[in-house]
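Only one structure is covered here, and it is reproduced in the block below.
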Amino acid sequence: MNEKYSEDQIQGLPFMDKNLDLEKRVEDLLSRLTLEEKFKLSSGRLMWHTKPIKRLSVKPFTMYDGPHGVRADTMGEIKSTYFPSAICRAATWNPKLSYDFGKAVAEEVRDVGAHMLLAPGINIQRTPMNGRTFEYQTEDPYLNKVLAVATVKGIQSQKIAACVKHFVCNNQETNRFNVSSEVSERALQEIYLPAFKATVLEADAWSFMTCYNKVNGIYGSENTNLLRERLMGEWDFRGFTVSDWNATAYANTADCVKAGLSLEMPTAKKYNKRNMRKAYQEGGFKEEDLNDNIRRLIRVMFLVGLYDDEKTLPKGSRNTPEHQAIARKVTEEGIVLLKNDNDSLPLNLNNIKKIAVLGPNANLSIEGDGILSGGGSSVNFPPYEISPLDGLKEKCLNKVELTKIPSEADATIIFAGLSHDHGMDAEGEDRNSFELPSEQIELIQKTAKECTNTIVILINGSPIAMNNWIDNVSSVVEAWYGGMEAGNAIASVIFGDINPSGKLTITFPKKLSDSPAHVSRRTFPGDDKVFYDEGIFVGYRHFDTKDIEPLFPFGFGLSYTTFSYENLMIDKKKIGSGDVIKVSIDVTNSGKFEGKEIVQLYVQDVESSVERPTKELKGFEKVSLHPNETKTVIIELKKEDFSFYNETVNSWVVENGTFNILIGSSSRDIRLQGEIEYLE
Ligand code: BGC
């Protein structure tokens, strides 16, 4: 302990031996650290790094945001690919694209010399009003899990650590540093935890970020039940936990150490040497607790190759055409066509002369009026941004005249929506209105009177009300914040080069009071506590069960073609524990355009001893089909897909009886139905 080593001696120490077993390297380094050095390693410095321990050549471990691209500095001097918002990526329902995104962004992390990406953000979209809805994936735990697992695998394929955040129930920004999310065990098990758990069990996530809020009265960073018991105990997580930036502000040093918080970021506060020494000397924690926290952190340091010869690590790259192409592809597949009366889209360049282009979001780009990227910590700075208007101009060049006068145009496109300003889609505050800004509503209403073919393209990251204008317009496209290639992706969808195939991953309510979290102040935003009184009835589980008609349901999205569903076959009529059922469906492209369909499988428990949602997503597949082509989609189901969390016995159970298997094009467009009998 505390020996001085020469550089040569360090090179000869067991932990530097790449051929030695990982755990032996970890234990060797851990055994050489003094208590003071362990204190030092427990907190960050300079916003994004851990502290070096020169005596043992322990280099700083570096981590950057975020969910939409790497942000290596806050001034925008280090450029990187700006990928579409997570909600757009999720709307592709394409795990392969999540993997590709993860891999690409990790290559950028490697290129800037960092080791961990502070992403993905996988909090459940409990309310459309959360300022960070755009950064998260969905309201549904199953879809959340599939996409989170793919993203983490993509990131870690490059030996870059993913940091899954924010663990857990950080579902609003209002009072985020103090509020306690009061949530039932069943809702935790069925809704809020599954994706987090799957990133550990199925993708071996190397890091978790704790939440700012309390969960049932205890802050995330000192929550023994969440960290030591569930994450590390039940799920056997081998990675380390990091606090959200300053999330330890109201926490207690010894409790954090005991709960399993390895790293306090961005700087030493609760984990500064003085506090650590005091808590230790007073018996607040044991060295063994701290050892476990440090062991986890250094294990990940080894996993990302911090001690290996850089030449042996995956190569980084940044701002490459390949990464930009992934950004564009994600947006092209994530755009959701919400309304398309009289097939007014796609526009045909050959029989249109003038298009009027209006709306505040037309010119969002670095060069334009504001940037598409932003909204808090997930901002990043791309080398260029194609604004919606740029994309349109490029496509129409020498073919169609762009004007600002709807009455003279064959079609009018209004780029409406929100922005990353405070009170809209931005971190730190929740949205201040569910409506579009009033001047946009007026613009849409006025324009629709002047041009019968008015198309609204929404640039935003969370559901908005449309009731007072949607009937006046012919088409509505949800284009989200589509990353640096947004304009090109939007143009390719509007003019039919790409057939839209995205589907909503969150219900769009007609009015906010229809939404499950918006019953009263108690349920949103709460005061010192916010009560998740809706329990498991989040998103479509609530709308279905309460029979409330949404504006657009979960899983909804139109296409320029049509799909027909036939021949539902279930290979077993009776199943028991251990069986796997194969559900197959023939899907045909019955229209004229090549297109992609997202086939969704929902399970419905016909009779249950406890209240269950009307249906729950348990499988999906995206298939690409030429006109007249048919493909057979096969989805497998297992016992777990029929289970619920029983709070009386504190475990997952399946009850004997009949379950309906619903196959749909959205959660409210069920095309085929079959049933199985579960018998234990
Ligand atoms: C956010 C995190 C982010 C961190 C570092 C916090 O405010 O909640 O998501 O990773 O800042 O920027």
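With a Cα cut-off of under 25 Å and a minimum spacing of 8 residues unless on different chains, the lysine pairs in region 27-126 number 10.
Label-to-label distance, residue 548 versus residue 653, with points set 7 angstrom from Cα along the beta-carbon direction: 3.0 nm. Each Cα pair under 8 Å and six or more residues apart adds its separation to the average, and for region 391-514 the resulting relative contact order is 26 percent.
Would you work out the relative contact order for region 183-272, in percent, from Cα pairs under 8 angstrom that are 6 or more residues apart?
RCO, region 183-272: 29 percent.
Note on residue 337: accessible area approximately 0 square angstrom, rounded to 10, probe 1.4 Å, nucleic acids and ligands left out. Orientation-averaged projection of the chain equals 30.0 nm² [convex hull of Cα atoms, one quarter of hull surface area]. Each residue of region 321-338 was assigned a 3J(HN,Hα) from its phi angle through the Karplus curve 6.51 cos²θ - 1.76 cosθ + 1.60 (θ = phi - 60°); the sequence is x, 5, 5, 5, 5, 5, 4, 5, 5, 4, 5, 4, 8, x, 5, 10, 7, 8 Hz, with glycine and proline shown as x.
Straight-line cross-link reach from residue 393 at under 16 Å between alpha-carbon atoms covers these lysines, not counting any fewer than eight positions away in the same chain: 353, 354, 404. Between 338, 294, 317, the Cα set farthest toward the positive side of the dipole of region 262-342 (charges on each charged residue's Cβ, about the Cα centre) is that of 294. Please go through region 282-355 and write out the GluC sites (Glu not before Pro) that DSSP classes as loop and that have at most 11 other C-beta atoms within 10 Å. Here the GluC sites (Glu not before Pro) that fit, given the DSSP loop and packing criteria, are 282. The charge dipole of region 1-82, taken about its Cα centre with unit charges on the Cβ of Lys, Arg, Asp and Glu (plus for the first two, minus for the last two), comes to roughly 220 debye. Put simply, the amide H of residue 530, placed in the peptide plane, has neighbours under 5 Å in 180, 181, 182, leaving out anything fewer than 5 places away on its chain.
Which whole-number percentage describes the relative contact order of the chain, with Cα contacts under 8 Å and a sequence gap of 6 or more? Please report the intermediate quantities before stating the final value.
Working: 1695 pairs, mean separation 96.1, N = 680.
With pairs under 8 Å counted, the relative contact order is 14 percent.
Quarter the surface of the alpha carbon convex hull of region 198-325 and you get the mean projected area, 10.3 square nanometres. On a per residue basis, region 268-346 carries 46 Å² of accessible surface, using protein heavy atoms and a 1.4 Å probe. The residue among 263, 279, 163 whose Cα reaches farthest toward the positive pole of the charge dipole of region 126-280, with charges on the beta-carbon of Lys, Arg, Asp and Glu, is 279.
Per residue, how much accessible area does region 366-471 show when a 1.4 Å probe rolls over the protein heavy atoms, in square angstrom? Spell out each step's value before the answer.
Values: 4380 Å² over 106 residues.
With the other protein chains kept in place, region 366-471 gives 41 Å² per residue.
Heavy-atom accessible area with a 1.4 Å probe sorts 384, 481, largest first, into 384, 481. Near residue 552, once Lys and Arg are set to +1 and Asp and Glu to -1 for all other residues with Cβ below 10 Å from its Cβ, the sum equals +3. The residues of region 108-178 expose, per residue, 14 Å² of accessible area to a 1.4 Å probe. In summary, the aspartates and glutamates within cross-link reach of residue 546, defined as a Cα separation below 19 angstrom excluding same-chain residues under 8 places away, comprise 139, 140, 190, 514, 533, 534, 605, 607, 611, 616, 669.
Here the Karplus relation 6.51 cos²θ - 1.76 cosθ + 1.60, evaluated at θ = phi - 60°, turns the backbone of region 54-62 into coupling constants of 4, 3, 10, 6, 7, 7, x, 9, 10 Hz, with x for every Gly and Pro.
Would you mind counting up the charge near residue 323? Only other residues with Cβ under 11 Å from its Cβ, with Lys and Arg at +1 and Asp and Glu at -1. Display every interim value, and only then the final one.
Details: positive: 103, 318, 328, 329; negative: 100, 107, 108, 111, 322, 485.
That works out to -2.
Listed cross-link partners 165/270; 24/278; 329/446; 329/395 are compared with a 27 Å cut-off, the Cα-Cα value being larger for 24/278; 329/446.
Let's test the formula: R0 of 56 Å, r as the Cβ-Cβ distance of residue 640 and residue 9. What FRET efficiency results, to the nearest 0.05?
Working: r = 52 Å, r/R0 = 0.93.
FRET efficiency, residue 640 to residue 9: 0.60.
Once backbone amide H atoms are built at 1.01 Å from N, residue 675 has 661 as its partners under 5 Å, excluding neighbours fewer than 5 places away on the same chain.
Of the accessible area of the chain, computed with a 1.4 Å probe over protein heavy atoms only, carbon and sulfur atoms account for 48 percent. Using the Karplus relation 6.51 cos²θ - 1.76 cosθ + 1.60 with θ = phi - 60°, the per-residue 3J(HN,Hα) values for region 296-310 come to 5, 5, 6, 4, 5, 4, 5, 4, 7, x, 4, 9, 9, 5, 4 Hz, with x marking Gly and Pro.
In the neighborhood of residue 290, defined by Cβ-to-Cβ distances under 10 Å, what is the net charge if each Lys or Arg adds +1 and each Asp or Glu adds -1? All intermediate terms of the calculation are to be shown ahead of the outcome.
Numbers: positive: 38, 258, 286, 295; negative: 287, 288, 289, 292.
Once all neighbours under 10 Å are counted, the net charge is 0.
To check you understand DSSP bridge types, tell me what percent of the beta bridges within the chain (both residues inside) are antiparallel, rounded to 5.
Numbers: 55 of 94 bridges.
Once the DSSP bridges in the chain are tallied, antiparallel ones form about 60 percent.
Can you list which of the trypsin sites (Lys or Arg not before Pro) found in region 483-552 are DSSP loop residues with at most 12 other C-beta atoms within 10 Å? Here the trypsin sites (Lys or Arg not before Pro) that fit, given the DSSP loop and packing criteria, are 521, 546. Within region 353-409, the trypsin sites (Lys or Arg not before Pro) that combine a DSSP coil assignment with at most 12 other C-beta atoms in a 10 angstrom radius are 353, 399, 404.
Note on region 255-328 and region 225-245: Cα centroid distance 13 Å, given to the nearest whole angstrom. For the set 618/639; 159/503; 596/638; 573/618, the pairs lying more than 22 angstrom apart at their alpha carbons are 159/503; 596/638.
Once you reduce region 159-173 and region 1-32 to the center of their Cα atoms, the two points are 32 Å from each other.
Shape analysis of region 288-340 based on the Cα gyration tensor places the equivalent ellipsoid semi-axes at 40, 21, 5 Å, largest first. Between the C-alpha center of region 441-495 and that of region 623-639 there is a gap of 31 Å.
The values are calculated or read from the model by the stated rules, or taken from the named source; none is laboratory data. Just so it is clear, the model here is predicted, and its values are computed rather than measured. Virtual Cβ from ideal backbone geometry, glycine too; neighbours counted across all protein chains shown. Side chains are part of the model used for accessible areas, which takes the heavy atoms of the whole protein and leaves out ligands, DNA and RNA. Shrake-Rupley method; radii C 1.70, N 1.55, O 1.52, S 1.80 Å.
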